[in-house]
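So the structure is just underneath, and the comments pick up after that.
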Amino acid sequence: MQLSSVVSDVKLEQDGGRWMVISPQNFAASPARMDVLFENLTTLKAQEFLPATTVAPELAVNKVQVSWKTIDGSSGSLTLHGEDYKRGIYATSSAQPTPFLVEAYIYDRLALDPSVFFHTLLVDLAPSQIKRIYVRQPSADNLDVSRTGTGPENWAISKPGNRPAGSPVDYDSLVKTLLELQPGKSVDQPKHAEDYGLKPAYFMKIEVYSDGKDPASVIYLGKKDESGNYYSTQDGQTYFTIERGLVDSFISAMQKKKGSSSGLRHRRRSKPSNMKMSY
């Protein structure tokens, strides 16, 4: 597979069931990132089919091309062109004889920066490897969910204990939004401990477990920057922001597990424990 755009040209190859980034560098691709990429591609749907004679300035622009070759030797491609902000993104495909429109936010979901495939994923686990998700919140009830089996419905909630009966149990959405969390803009070390809202307490702490008693990944979220994005760190030394839409999607999925749709306020009372790098 090849992802081509003005910011990157990433080539990936499957080797014995394992995906490798073979250009611009040679790395083992993150299994979790590949899962997210394939889900975003396979769930992409045409919003509107256009006549073959369609002429639009957006079609003259090539923003992203995804091309692939399968194990039986066949090949195909999908090209995303310019965006009409009222209708969506113009697209063409080797499997479709006429142009069509797709959802507008697909650019972000493709994660075009090549570094995301091997360096900057915050939770570097495939969905099947996640056994427990523990979200600590000084301003609200904690959420603690654990896997009890292999099926998508095999999860149990231990916190909060007062969760209403009959609340939604779509755990796939929680895992999906968790895996979509990724660093955005890098920011400097804070001049004062409280500048990013991560000390003396945090807005949210997300612990993700695979096997063992210690979390495989820990994400701290602080207050919002001037654009509404959330300050974050994993080690207390490297700081960055996470795009607010990604965090808000995770919060929404988390609130459904709690059986509540209420918003979260940035109140802080508790103090974070020692942080560890997880990527």
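The values are calculated or read from the model by the stated rules, or taken from the named source; none is laboratory data. Computed from a predicted model, the values in this text were never measured in an experiment. Note that each Cβ is placed from the backbone with ideal geometry, even for glycine, and that neighbours are counted across all protein chains shown.
Does region 150-169 contain any residue that is over 30 Å from A29 (Cβ atoms), outside any loop (DSSP other than H, G, I, E, B) and aliphatic (A, V, I, L, M)?
Yes: region 150-169 contains one or more residues that are over 30 Å from A29 (Cβ atoms), outside any loop (DSSP other than H, G, I, E, B) and aliphatic (A, V, I, L, M).
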Legend entry - Near pairs, Cβ below 6 angstrom, 6+ apart or cross-chain, from region 177-193 (without any contact (Cβ under 8 Å) to a residue 60 or more places away in the chain and over 9 Å from E243 (Cβ atoms)) to any residue that is among the charged types (D, E, K, R) and part of a loop (DSSP other than H, G, I, E, B): A193/K199
Legend entry - Selected residue (criterion: nearest to A126 (Cα to Cα)) from residues of region 50-66 that are surrounded by 13 or more Cβ atoms within 10 Å (Cβ to Cβ) and polar (S, T, N, Q): Q65
Legend entry - Among (1) surrounded by 14 or more Cβ atoms within 10 Å (Cβ to Cβ); (2) modelled with pLDDT of 85 or more; (3) within 21 Å of M1 (Cβ to Cβ); (4) not aromatic (F, W, Y), the one test that P99 misses: (3)
Legend entry - Any hit, region 251-259, residues being at pLDDT below 80 and within 22 Å of D141 (Cα to Cα): yes
Inset, instruction - Please give the number of the condition V7 fails out of (1) modelled with pLDDT under 90; (2) part of a strand (DSSP E or B); (3) more than 29 Å from I130 (Cα to Cα). - result: (2)
Legend entry - Single match in S128, S139, S94 (criterion: small (G, A, S) and at pLDDT 90 or above): S94
Legend entry - Members of region 20-49 found to be surrounded by 18 or more Cβ atoms within 10 Å (Cβ to Cβ) and either hydroxyl-bearing (S, T, Y) or at pLDDT 85 or above (or both), listed by number: S30
Legend entry - Identity of the residue in region 145-155, closer than 15 Å to K256 by Cβ and crowded, with 18+ Cβ neighbours inside 10 Å, that ends up modelled with the highest pLDDT: V145
Legend entry - Flag for P183 being under 21 Å from Q129 (Cα atoms) and part of a loop (DSSP other than H, G, I, E, B): no
Inset, instruction - Could you tell me which numbered condition F240 fails, if it satisfies all but one of (1) in contact (Cβ under 8 Å) with a residue 40 or more places away in the chain; (2) among the aromatic types (F, W, Y); (3) in contact with a Leu (Cβ under 8 Å, 6 or more places away or on another chain)? - result: (3)
Inset, instruction - Determine, yes or no, whether D172 is surrounded by fewer than 18 Cβ atoms within 10 Å (Cβ to Cβ), modelled with pLDDT of 85 or more and among the charged types (D, E, K, R). - result: no
Legend entry - Sole exception among (1) in contact (Cβ under 8 Å) with a residue 24 or more places away in the chain; (2) of a type outside the set (A, V, I, L, M, F, W, C); (3) under 26 Å from L179 (Cα atoms) for T43, by number: (1)
